[in-house]
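Trainee: Got a structure here, written out as C-alpha cells. Questions coming.
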Amino acid sequence: QVHVVESGGGLVQPEGSLRLSCAGSGDTLDTYGIAWFRQAPGKEREGVGCVSTTGKITYRADSLKGRFTISRNYAENTVYLQITSAKREDTAVYYCAADRNFTNYCSGLPADYEYWGQGTQVTVSS
C-alpha cells in the first residue's frame, strides 16, 4: 500500500515562494495519479492540480496555473508543488493524494483519490 507524506509548508510572505513535497513510500508513485488539494478553514477542499501516470499535468483554475507548478522526480519517488507570488488567499492546509486509476488525465475531485497524506499548513501573511 502506498503512503504519501507532505512537507515544506510554513509561513511565507505575500509574493514569496515555497515548494511543497509529496514523498511516496511503499510503492512507486509513477504508477499513480498524484494530486494536490488545499483546504482553508470552513471551506471545501479544492483541487490545485495533478499529474497523471503518463506525466500530463492539469491545473484547476487559470489563477493557479501561473503561480503553481507541479513536477515530479520519481527517482526520489516525490511530487512537488512550487508556489510563487503567494497570496493571502493561498493560506490553507495542502494535501497530496494518490490513486491508480489515472493515465492520460487526473481528477480534481477529492472523492476520486484513495490515498492521502496528513497535510501541510501554508500560511501567507505579512
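Trainee: Which numbered condition trips up GLN118, out of (1) of a type outside the set (Asp, Glu); (2) at pLDDT 95 or above; (3) not in a loop (DSSP other than H, G, I, E, B)?
Mentor: (3)
Trainee: Right, next: Of all residues in segment 25-52, count the ones that are out of contact with any helix residue (DSSP H, G or I) (no Cβ under 8 Å at 6 or more places or on another chain), aromatic (Phe, Trp, Tyr) and within 18 Å of THR123 (Cα to Cα).
Mentor: Selection size over segment 25-52: 1.
Trainee: Can I ask one more? Please go through segment 108-124 and give me each residue that is out of contact with any Gly (no Cβ under 8 Å at 6 or more places or on another chain), of a type outside the set (D, E, K, R) and open to solvent by 50 Å² or more (accessible area, probe 1.4 Å), ordered by number.
Mentor: Result: ALA111, TRP116, GLN118.
Trainee: Filter segment 1-17 down to the residues that are in a strand (DSSP E or B) and either over 19 Å from ARG88 (Cβ atoms) or open to solvent by 60 Å² or more (accessible area, probe 1.4 Å) (or both) and list them by number.
Mentor: So in segment 1-17, the residues in a strand (DSSP E or B) come out as 3-7, 10-12.
If the condition is that a residue be in a strand (DSSP E or B) and either over 19 Å from ARG88 (Cβ atoms) or open to solvent by 60 Å² or more (accessible area, probe 1.4 Å) (or both), then HIS3, VAL4, VAL5, GLU6, SER7, LEU11 are the ones that fit.
Trainee: So for segment 87-94 (the condition being out of contact with any Asp or Glu (no Cβ under 7 Å at 6 or more places or on another chain), among the charged types (D, E, K, R) and in a loop (DSSP other than H, G, I, E, B)), does at least one residue qualify?
Mentor: As a first pass, look at segment 87-94 and keep what is out of contact with any Asp or Glu (no Cβ under 7 Å at 6 or more places or on another chain): 87-93.
Those still in the list that are among the charged types (D, E, K, R) too: 87-90.
Pick out the ones that are also in a loop (DSSP other than H, G, I, E, B) and you get 87.
Yes: segment 87-94 contains one or more residues that are out of contact with any Asp or Glu (no Cβ under 7 Å at 6 or more places or on another chain), among the charged types (D, E, K, R) and in a loop (DSSP other than H, G, I, E, B).
Trainee: Within segment 73-107, can you find the residues that are open to solvent by 50 Å² or more (accessible area, probe 1.4 Å), out of contact with any Leu (no Cβ under 7 Å at 6 or more places or on another chain) and either of a type in the set (Ser, Thr, Tyr) or within 14 Å of GLY33 (Cα to Cα) (or both)? Explain how you work it out, then say what you get.
Mentor: Filtering segment 73-107 for residues open to solvent by 50 Å² or more (accessible area, probe 1.4 Å) gives 73-76, 82, 87-89, 100-101, 103-105.
Right, trim to out of contact with any Leu (no Cβ under 7 Å at 6 or more places or on another chain) and you get 73, 75-76, 82, 87-89, 100-101, 103-105.
The answer is ASN73, ARG100, ASN101, THR103, ASN104, TYR105.
Trainee: Sticking with this structure for a sec: Can you pull out every residue in segment 18-69 that is without any contact (Cβ under 8 Å) to a residue 40 or more places away in the chain, buried (at least 18 other Cβ atoms within 10 Å of the Cβ) and not in a strand (DSSP E or B)?
Mentor: LEU64
The values are calculated or read from the model by the stated rules, or taken from the named source; none is laboratory data. Computed from a prediction, not measured in an experiment: that's the story for all the values here. FYI the Cβ positions are ideal-geometry reconstructions off the backbone, even for glycines, and counts take in every protein chain you see. Protein only, heavy atoms only, side chains kept; ligands, DNA and RNA dropped before computing areas. Shrake-Rupley method; radii C 1.70, N 1.55, O 1.52, S 1.80 Å.
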